[in-house]
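A.B. asks: Dropping a structure here in structure tokens format, bear with me for questions.
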Amino acid sequence: MTRGRFISFEGGEGAGKSTQVQRLAARLKGGGREVVTTREPGGSPGAESIRDIVLRGEADRWSPTTETLLMYAARRDHIERVIRPALTRGAWVICDRFADSTRAYQGAAGGVDPRFITALETFILEDTRPDLTLVFDLPADVGLERAHARAGAEMRFESKGMAFHERLRDGFRAIAASEPERCALIDATGSIAEVEAAVWAAVEARLAVHG
Ligand code: TMP
């Protein structure tokens, strides 16, 4: 059986990823495919438990290095129990955040050595890597304003301050620029319909959706 396709959505706070994950899933399901939508940190029961401790509390509750390890513990469980089995049975997996969030949040914005993150990618991800990554881009202040409007308990990263979020945006843009064959930069300032069209254009152009 052919392996399914793996698409990740990435970007800073309030970029509108979750809405677009659902819209893309609906379109792909309309084509008769099995589509699994999931998210990180989380996506499996064990990883959701880790999410609860990593996203709540004071901004400095965990250091960026500890966050990296928690994210990768959650990611490994998610990969083993959800992502790999789905890809193996031929499903398309759409994940709201994946490994690039660790590179950007803990690495570019948090200061964790990129060599440490690359080593974790090698041993924890192995060959489970996205075929396509949609990097949602918008000014940090616009995203934070949107994120605060839907405030809840999981606000640790939103509360890290504007300088952190500016570094974060630069980090995501640098990832997209350094891996153009995998990544598409999506202008997330437009309307929901405009962003949906940009997402679909990238998926059609890069993955064989009509086959
Ligand atoms: P979200 O579900 O609203 O996207 O929140 C997840 C938060 O976790 C978001 O602030 C980004 C952060 N995060 C990291 O810092 N590193 C990671 O590897 C992942 C997956 C998420």
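The values are calculated or read from the model by the stated rules, or taken from the named source; none is laboratory data. These numbers were taken from a predicted model, which means no experiment stands behind them. Cβ: placed from backbone, ideal geometry, glycine included. Neighbour counts: every protein chain shown.
A.B. asks: Quick one: which helices (runs of 4 or more DSSP H) lie wholly within the range 96-195 and hold at least 3 residues that are more than 15 Å from the ligand (Cβ to nearest atom) and farther than 22 Å from Thr38 by Cα?
C.D. replies: 162-178
A.B. asks: Also, I was wondering about something else. Restricting the search to the range 4-14, which residues are touching a strand residue (DSSP E or B) at 6+ places or on another chain (Cβ under 7 Å), within 16 Å of the ligand (Cβ to nearest atom) and not acidic (Asp, Glu)?
C.D. replies: Once the filter is applied, which keeps residues that are touching a strand residue (DSSP E or B) at 6+ places or on another chain (Cβ under 7 Å), within 16 Å of the ligand (Cβ to nearest atom) and not acidic (Asp, Glu), the range 4-14 yields Phe6, Ile7, Ser8, Phe9, Gly11.
A.B. asks: Yes or no: the range 106-127 includes at least one residue that is crowded, with 19+ Cβ neighbours inside 10 Å, of a type in the set (Ser, Thr, Tyr) and out of contact with any strand residue (DSSP E or B) (no Cβ under 7 Å at 6 or more places or on another chain).
C.D. replies: Scanning the range 106-127, I find no residue that is crowded, with 19+ Cβ neighbours inside 10 Å, of a type in the set (Ser, Thr, Tyr) and out of contact with any strand residue (DSSP E or B) (no Cβ under 7 Å at 6 or more places or on another chain), so the answer is no.
A.B. asks: Here's another thing I want to ask about it. In this structure, does Leu144 turn out to be touching a residue at least 40 places away in the same chain (Cβ under 8 Å), under 15 Å from the mean Cα position of the chain (by Cα) and surrounded by 19 or more Cβ atoms within 10 Å (Cβ to Cβ)?
C.D. replies: Judged against the criteria, Leu144 is not a match.
Condition check ((1) at pLDDT below 95; (2) buried (at least 16 other Cβ atoms within 10 Å of the Cβ)) across all residues:
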| residue | (1), (2) |
| --- | --- |
| Thr2 | yes, no |
| Phe6 | no, yes |
| Phe9 | no, yes |
| Glu13 | yes, yes |
| Thr38 | no, yes |
| Ser44 | no, yes |
| Gly57 | yes, no |
| Thr65 | no, no |
| Thr68 | no, yes |
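A.B. asks: Right, here's the next one. Quick check, is Ile79 in contact with a strand residue (DSSP E or B) (Cβ under 7 Å, 6 or more places away or on another chain), aliphatic (A, V, I, L, M) and within 14 Å of the ligand (Cβ to nearest atom)?
C.D. replies: no
A.B. asks: Name the residues in the range 15-36 that are crowded, with 19+ Cβ neighbours inside 10 Å and more than 12 Å from the ligand (Cβ to nearest atom), would you?
C.D. replies: Gln20, Leu24, Leu28, Val35, Val36
A.B. asks: Out of the range 89-119, which residues are free of Cβ contacts under 8 Å to residues at least 24 places away in the same chain and of a type in the set (D, E, K, R)?
C.D. replies: Across the range 89-119, the qualifying residues are Asp113, Arg115.
A.B. asks: When the residues of the range 179-198 are filtered to those that are of a type in the set (Gly, Ala, Ser) and within 11 Å of Val135 (Cβ to Cβ), which remaining residue is surrounded by the most Cβ atoms within 10 Å (Cβ to Cβ)?
C.D. replies: Going through the qualifying residues, I end up with Ala188.
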